[in-house]
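Notes for the one structure printed next.
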Amino acid sequence: MLESPNLAELFPIGQHFSTIYSFSCIRRHLTIQLSTGSPDENFLLHGIRALTGVLVAEQFSDIARSQEAACFLVDTLVLFLKERPLSSDVSAFLADQKLIASRLFDMLNYSQAHPETRLGLSGYPIYAALLEAALRGREIWNALTSWADRANIHQWLWTSPSAESILNLIKLLANDLPTNSCVKTMEFASFYWEMVSSMIERLPQSAPAGKYVLQAAANMFEEHIASTSDEATLRHYLQTWSTILAQHTRSETPGQGFINHLVLGLVRLVTTCVSYLRAFSKPLPAQELAVLLLDQYLFPDVQPTSDTHQPILDPETRKHMYTLLLSLCEHQPTYLLVSSKLSALLAHEASSPLRDFNININSWLRSMSGYSGLRNLTNTCYMNSLMTQLFMNVQFRNYMLSSTIVPKAQYDIMTGIQELFARMQGGTFKFTDTTAFARAIQPYDAEHIDVTIQMDVDEFYNLLFDRLENEMPDDEAKRQLRSFWGGNLVTQIKSMDCEHVSERSEPFLAIQCDVKGKLNLAESLQAYVEGDVMEGGKY
């Protein structure tokens, strides 16, 4: 490449395909050099000069018109900048630094405003080009750190599909800045800590979009910020993050493998903060934090009448919470408080129907994929199989759970089903106890069903709906209940000598389908409705 290349000839911006071909050629040449293990430094430096020169060229100012060329340009520029030429004066090979920053800012603004465009999908390479250039050009770094829209753009980027790539790049650079970087490690870490820490309070409650922000915040705080912060600053962080944890509402469904990244990130931050504050040998709100962890996150009250949240079940999050709890227990009053709470918890578990305690959480907590099963009381598999089928009918489940019908019968079947379904849907155990539900069902000839005696499932099905229908307050409620299950069976008799047809209709809850010799349910139903020819004598 010439010392002062003719950029108009190398990258004829007005000629779309020629420009793309030029970018492809220079990238191909770089790839060939990299395959040798030692790319030519002059080639890298002059490539940076040529590419940044194109970036600030007047013909390139219309971003909307040259989107594809802009994407090829930033992709190529990132490849050259990441090779980190050993020269200590890379900035001398950058074109107008203020204009470079301005042009890349314009690209990011355009990407944010038009996310569906080619440039809108290129948030990572544009930002990577800006960041790599800022580490080699002081004016670009100053422009980035004083950019009026920096908070808005960073929040958009860090909750976009490019978030993981961008934050991984920042993490990598925070721990390994180029030797010829014009920015010092602490200066770099402080700027990005300001960005990520200001976002924590603005993250959505569900926080999946902030997963990488919280990961970056926890790593940056632990590795770069906590050790240089004074006591007042650390106490401010501790108070802020503890408040967010205390006020945070959760809506995860047990068994669905949900990881609350906001909680996980905050617990990691609080743990680091507490470890550094301990060096000042002054009292900490250890008891308040311990109560928060135990009562709201680790072992909340999950009784049906409780309005508290479900416990955090993710093993990684619980591990960090236990680590923090152990750290807080170095304070003796906190240790005594935690011991008392855990003793009361174990005493409660010992009196629970689910009293088989196992220290292995995975052996008794609901699995990460699937539903809560039903406990077999002895010979109640017929009841469990039927209730599982009823539960899996989502419309029926919603109807039962949302019903406010006041039962008239002595035995409250409606409440029994509601409590059973609620535990199956929101419970945290691998199985749900059915004792209370079984006691609510009164057979025709006994006070309660005998759980030691096997019952035909069809017989139990009819008994259940007969009792449930008796609890309905009026005919409309009974009609709505019947609309979920069963129907009307019509029996027709048609004469072969005339067109007269006699019909008899009767309601049904279930039909008996033949299984033997049938490939599927459709064949079985077809056989069920097939007609018979009846013959008799004529008088």
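Where a number appears in this text, it was derived from the coordinates with a stated rule and is not lab data. Quick caveat: nothing in here was measured; it's all calculated off a predicted structure. Heads up, the Cβs are rebuilt from the backbone with ideal geometry, glycines too, and the neighbour counts pull from every protein chain shown.
Computed values, structure above
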item	result
Listed pairs LYS171/LYS430; LYS184/LYS282; LYS98/LYS211; LYS98/LYS171; LYS211/LYS430 exceeding 31 Å between Cα atoms	LYS171/LYS430; LYS184/LYS282; LYS98/LYS211
Kyte-Doolittle mean at least 0.0, axial Cα span of 15 Å or more - DSSP H helices of the chain	16-35, 41-55, 67-82, 123-134, 163-175, 185-200, 261-277, 332-350, 381-392, 413-426
Largest-first ellipsoid semi-axes for the stretch 369-511, taking √(5λ) over the Cα gyration tensor eigenvalues, angstrom	32, 17, 16
Estimated [θ] at 222 nm from DSSP helical runs (n ≥ 4, -39500 (n - 2.57)) normalised by residues in the chain, nearest 500	-16500 deg cm²/dmol
In the stretch 141-237, the GluC sites (Glu not before Pro) that fall in loop regions by DSSP, at most 13 other Cβ within 10 Å	GLU201
Cross-link reach list, aspartates and glutamates versus LYS494, counting only Cα pairs under 16 Å and skipping chain neighbours closer than eight places	GLU503, GLU530, ASP532, GLU535
Alpha-carbon Rg with Dmax, taken over the stretch 487-529, Å	13.6, 37
The stretch 1-147: translational diffusion in µm²/s, Stokes-Einstein, Kirkwood Rh over Cα pairs, 4 °C, 1.567 mPa s	84 µm²/s
The chain: C-alpha pair distances exceeding 30 Å, %	67 percent
